[in-house]
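Undergrad: Quick one: structure below, then a few questions.
The values are calculated or read from the model by the stated rules, or taken from the named source; none is laboratory data. Since the structure is predicted, the reported quantities are computational estimates derived from the model, not experimental observations. Backbone-built Cβ (ideal geometry, glycine too); neighbour counts: all protein chains shown. The area values use the complete protein model at the heavy-atom level, side chains included, leaving out ligands, DNA and RNA. Shrake-Rupley method; radii C 1.70, N 1.55, O 1.52, S 1.80 Å.
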Amino acid sequence: MSQPWQQPQHPQQPPQHNPYGQQPQQPYPPHQPQQPYGYGQQPPPPYGAPGGFPPPPAPVRRGNPALAVVLGIVAMLVGSGIYGGILKASDGGQIGYAAIGTGALIGAALGKAGGRNTALPVVGVLLGMLGVYLGQIFGIALELSDIANIPVSQVFTEHFDALNKAWKEYLEPIDAVFFILGAVGAFQTARKLGG
């Protein structure tokens, strides 16, 4: 027994669709490097779309400017009422945050309902200043109704000249800052939310 053992050789038969009779396949061809995305994965196409073109821009949000102005006026009246209530509660002491809040409320209504309309921030400036004025008038009207012991509605309807005269007497140079704050709050908020 000095001869090494050899495996008996059988004649090769053609494969008969037997998966076990075929040669094992290599997972990668020997001359190609392994892809960094893993086996069978392709790199994403440029710009995320077939053909290499950038995706189309997002549709421009269209708004309704007329509805925005109506909602801005409603927001101005609500903000003015809150501003006047704050003035009454603080015994006439003005708070800058209240003026900014009134303007921001107006700007939010304009920006959300009006969409990308370049005129709406300018309308917001006017409504913001008017909102601060009406807030100051409403605060004085609340104070006058307490002093005269009459309803606030009567102060507005029957004594508006006295109300406006009292507003002019209480007007100080610092009030210009509150008008500017209301206008800036409305402009910035309408511009940011509209675009």
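Undergrad: Going through region 163-188 one residue at a time, which ones are open to solvent by less than 50 Å² (accessible area, probe 1.4 Å) and more than 35 Å from the chain's Cα centre (by Cα)?
TA: Selection gives 163, 164, 166, 167.
Undergrad: Counting only residues that are among the small types (Gly, Ala, Ser) and either without any contact (Cβ under 8 Å) to a residue 40 or more places away in the chain or farther than 14 Å from residue 109 by Cα (or both), which one in region 76-94 is most open to solvent (accessible area, probe 1.4 Å)?
TA: Out of the qualifying residues, it is 89.
Undergrad: Taking the stated definitions as given, is residue 144 under 14 Å from residue 87 (Cα atoms) and either polar (S, T, N, Q) or more than 20 Å from the chain's Cα centre (by Cα) (or both)?
TA: Judged against the criteria, residue 144 is a match.
Undergrad: Still on this structure: Can you tell me which of 144, 71 is under 21 Å from residue 175 (Cβ atoms) and open to solvent by 20 Å² or more (accessible area, probe 1.4 Å)?
TA: Answer to the selection: 144.
Undergrad: Of all the residues that make up region 147-162, how many are farther than 17 Å from residue 81 by Cα and either surrounded by 11 or more Cβ atoms within 10 Å (Cβ to Cβ) or of a type outside the set (A, V, I, L, M) (or both)?
TA: Final tally of qualifying residues: 7.
Undergrad: Follow-up question, since we're still on this one. At least 2 residues that are in contact with a Ser or Thr (Cβ under 8 Å, 6 or more places away or on another chain) in each: list the helices (runs of 4 or more DSSP H) lying fully within region 66-181 that qualify.
TA: 96-114, 120-148, 152-158
Undergrad: Sticking with this one: Just checking, does region 78-99 include any residue being within 18 Å of the chain's Cα centre (by Cα) and modelled with pLDDT of 90 or more?
TA: No, because not a single residue in region 78-99 is within 18 Å of the chain's Cα centre (by Cα) and modelled with pLDDT of 90 or more.
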